[in-house]
Each structure stands twice: as C-alpha cells, then as structure tokens.
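Any read-out appearing in this document is the output of simple, stated calculations on the displayed coordinates, not a laboratory observation. All values derive from a computational prediction rather than experimental measurement. Here the Cβ positions follow ideal geometry from the backbone for every residue, glycine too, while neighbour counts run over all protein chains shown.
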Amino acid sequence: MTIRAPMRCSAAAEELDEPMIGSVDQRVRWLLIEDRSAWGTDAVRDVLGADVAGVAKRGGMRVLLVRRREGDPAADVVRRVMLVDTGTHEMAIRTVRDPSELTINALADAPVAEFGAVMHDPIFLVCTNGKRDACCALRGRALASALAAGHAERTWECTHLGGHRFAGNLVCLPEGIIYGRVTSTDGPRLADAYLDGRLDPSFLRGRSAWPPPAQVAEQALRLRLRFDGLRDVTLARATIAEDRATVTLATAAGRMHTLELQATRLGPPRPISCRADELDEPLHWRVIQG
C-alpha cells in the first residue's frame with residue numbers, strides 16, 4: 001500500500017491500522033492555562049513566548065492552552081491556571097491576570113498543593129487545535145461537544161497534544177490517561193468509566209507519566225488479564241536501552257510481571273500530520289516476551 005499526501009493523517013493511520021499504544025510523550029507535570037484567543041499553528045508559543053515550550057520540555061512538563069467553547073475572549077483578563085501531576089494524581093488551580101506571572105521552570109517540581117486550591121474532581125481535555133492539524137478540528141470538536149453535554153464543568157478544549165493522526169484525542173486527568181480515535185459516541189462512555197475508576201485498554205494511547213515501552217506493556221498485560229481498574233496495574237521499573245526495553249509491572253494483588261519489548265519502525269511511510277511535507281515511519285514498541 002502506498003500513502004500519499006494530502007490524505008488526512010487520521011484516515012491514513014486508520015487505513016494502515018497503526019497501533020496507538022505507546023504514542024504518548026512522557027510528561028509527568030501538566031500546566032493548563034485558560035486562553036480564549038484564536039489558536040494558531042503554535043498557540044503556546046504565540047501566547048506565552050518562544051522560550052516557554054523549551055523550558056517546559058526540559059523540565060518534563062507539558063504546557064497547554066485550554067478553554068471552554070462558550071467562553072468570551074474578554075474574560076481572559078483573569079485566567080484560570082491548573083497544575084497537574086500525573087504521577088501523584090494531584091491537581092491545583094489558581095487565577096492569574098497574565099501568564100507572565102508564572103515561573104514555568106519552578107513548577108516542574110514544586111508541591112502541587114502550594115500552587116493553588118486543591119482540585120478533587122477529574123477533568124477531561126480534547127485537542128481541537130484545528131490550525132495545527134485539521135483532524136483535531138474535524139474529530140476533536142465533535143468529541144468535545146459530546147463530552148460537554150454530560151460533563152460541562154469537567155470538559156476543556158486544548159491545544160496541540162501530539163498524535164494528530166489518532167484524533168479525536170481525549171485526556172483524563174489527573175491520571176494522565178490518553179485515549180485515541182475517540183468518537184462522539186465513545187467519549188461519554190469512556191469519561192463515565194474513568195469517573196468510576198475504570199479504563200478501556202482498546203482505546204489507550206498511554207499514560208503521560210510512563211515511558212512509551214511501559215505504556216505498551218500495560219495495555220498488553222491488561223488485555224491478557226482482563227483488568228480495567230485504573231489502579232489495577234502500576235509501574236515498578238522500566239529499563240530502556242536504544243531499541244530494547246524491560247518493563248516490570250505490579251498488579252494490585254502484588255504480583256510482578258516482567259515484559260521484554262523491542263522498538264521497530266512501522267511501514268509504509270505515512271503522513272504523521274496533515275501539515276507534514278514528508279512521510280514518516282513511526283517508531284513503535286512491541287512486546288516480544290513476557
């Protein structure tokens with residue numbers, strides 16, 4: 001099969017049956033900044049400045065702009081800002097008059113509870129950054145609307161998450177569970193399950209607090225043991241060396257499972273974004289033993 005641009009990246013990935021699992025960049029801390037402006041192709045840079053993304057990445061943080069569709073841009077005179085730690089499952093919220101009040105590098109390891117008021121209710125993010133990738137607009141906005149119908153106070157649109165070709169992308173916080181290829185029909189079901197302490201491994205792209213090989217190992221173990229509880233599986237350790245990895249997962253019962261994985265390039269070359277000028281062969285981890 002030959003894939004040629006400008007085929008929509010999500011359609012190409014579906015036609016190739018590209019695995020979604022293990023496609024989440026490891027970022028433990030998330031900083032969500034309310035912004036109702038018209039998001040461009042690099043919205044975080046446009047709003048916060050060119051240095052912010054680099055500082056955040058070096059600190060292992062993901063910075064996103066978030067909004068609710070019904071919001072008025074004039075209300076951004078006071079913005080809500082949320083700090084989330086997907087490793088400890090903590091969230092806190094505060095308000096700022098200007099994002100420049102935030103010291104990004106200091107938030108990489110600062111106590112979450114000291115950032116603002118502690119949040120106990122989970123939230124959902126859906127990437128709708130259409131200027132960055134058309135698939136996120138076409139699929140993401142329908143998903144966001146469907147979620148907001150039943151979870152208005154929990155649902156936020158967000159800027160670029162990565163993995164456009166897996167749109168619609170749904171993030172469940174504070175655990176940092178990321179789902180892909182979520183339709184407006186599946187979204188409310190997945191959200192309800194998350195609130196009930198369960199996840200569906202068949203839609204799973206991964207956990208943002210874990211490295212990609214551990215994300216793949218988790219899905220494999222869950223499917224084998226038919227586990228759907230959020231806390232049924234925890235990461236004990238992961239050793240990664242070039243294209244090989246060893247991951248040990250612990251079950252709630254205390255049993256250890258060690259899986260060996262290998263990284264390979266997926267063919268044929270395909271567009272990993274609707275805006276990509278070149279085709280790519282994405283890296284994918286697969287379980288080879290365990």
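General remarks:
- Summary of the geometry: region 122-174 and region 235-290, compared by the centres of their Cα atoms, lie 24 Å apart.
- Calculated from backbone phi, Karplus (6.51, -1.76, 1.60) coupling profile of region 278-287 in Hz, x at Gly/Pro: 10, 8, 9, 10, x, 7, 9, 8, 9, 6
- Sites GLN289 and ASP196, calculated FRET efficiency, Cβ-Cβ separation with R0 25 Å, nearest 0.05: 0.15
- In plain terms, the chain is cut at each of the GluC sites (Glu not before Pro) found in a DSSP loop with at most 16 other Cβ atoms within 10 Å, and the longest leftover piece is 154-241.
- Of ASP98, ASP46, the sequence from fewest to most neighbouring Cβ atoms within 10 angstrom is ASP98, ASP46.
- Cβ crowding within 10 Å, taken as a proxy for footprinting-reagent exposure, orders LEU125, LEU259 from fewest neighbours to most as LEU259, LEU125.
- What you get for the chain, charging only the Cβ of Lys and Arg (+1) and of Asp and Glu (-1), is a dipole of about 300 debye around the Cα centre.
- Dividing the summed helix terms, -39500 (n - 2.57) for each DSSP H run of n ≥ 4, by the number of residues in the chain produces a 222 nm estimate of -6500 deg cm²/dmol to the nearest 500.
- Cβ-based exposure ranking for LEU204, LEU138, LEU225, LEU102, in which fewest neighbours within 10 Å come first: LEU225, LEU138, LEU102, LEU204
- In the chain, the sites counted are trypsin sites (Lys or Arg not before Pro) in DSSP loop states with at most 12 other Cβ atoms within 10 Å, and the longest stretch holding none of them, exclusive of the sites, is 98-225.
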